[in-house]
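K.L.:
Below is the structure I would like to discuss, written out as structure tokens.
Coordinate-derived values only; no laboratory data. As the structure is a prediction and not an experimental result, all values here were calculated from the model. Because the Cβ atoms are built from the backbone with ideal geometry, glycine has one as well, and the counts that use them run over all protein chains shown.
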Amino acid sequence: MSPGLDPRPARNPDDLNSRRAARDASAGAALRSMGLGFLLGFLLCAILSGALMWLLRRPAPPAIVLHPPPTPQPTPTPPPTPTPGPLYVFVSGGVRNPGLVKLPPGARVGDALARAGGLLPDADPALVNQAELVFDGAQIHVPLPQPQAEAGADPPAPAQPQPGVSGEGQPAAASGQGNGQTGALVNVNTASAEELATLPGIGPSKAAAIIAGRPYSSVEDLERVPGIGPSTVETLTPLVSTK
């Protein structure tokens, strides 16, 4: 070996370049790895920071308030419905048992007639509305048919004394006015049907109607009896009384 010469072999320039390139590539890869890690760390920190800020700034939910159930308003209790009492009705005229009858609420005229024994054979049912409702204190009068001759007949004239016979000698009951001439008045509130039939213009049917319409406070009250008008009452006034 000559003095002054380097014993190491001479380096090839291509090898040096390849080694330098390898080192540069390793350094670049390391830098890229570090940049990617830094970016990932930054993104993770940003996500965590945003989540923390959202949790801190989230509004608190409203408190739950428990309300008691509504108390219903008390409803007024309706007053009890009064129970209707019985009905008392006076039935007169052409019935078997005229007088005061007791009926249940909602009764009709037909019920009152049935309580009074029903209609007489000569009474006309068509003259009374038996379907009509009755009320307490009412009066139901069933008119009796009046004979045409009797209804239109004038009061008989007083009997004239025969020649040679005094008025006292004639029978007192020969006419309906005999009672008036002797001073014995017929009480229309107490007389029987036979006594009433002796009055002028009063037959058996009118006598029964007078009895059915009792009591009478005055003689003029006889005008409410079917078939008896003012003229008949005027004729009966001196012959009858109410007391």
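K.L.:
Over 13 Å apart: what share of the alpha carbon pairs of the stretch 87-142 falls there, rounded to a whole percent? Write down the numbers at each step before the final one.
P.N.:
Working: 755 of 1540 pairs.
When all Cα pairs of the stretch 87-142 are counted, 49 percent exceed 13 Å.
K.L.:
Quick check on the stretch 175-243: what does the Kirkwood estimate of hydrodynamic radius come out to from the alpha carbon pairs, in Å?
P.N.:
11.6
K.L.:
Ranking request for peptides 92-101, 200-209, 67-76: highest mean number of other beta-carbon atoms within 10 Å first, then the rest in descending order.
P.N.:
Details: 92-101: 18.5, 200-209: 21.2, 67-76: 5.7.
The peptides rank, most packed first, as 200-209, 92-101, 67-76.
K.L.:
Moving to a separate point now. If the only charges are +1 at each Lys and Arg Cβ and -1 at each Asp and Glu Cβ, what is the size of the charge dipole of the stretch 87-142 around the Cα centre, to the nearest 20 debye?
P.N.:
Numbers: 4 positive and 5 negative charges, 37 e Å.
Its charge dipole is roughly 180 debye.
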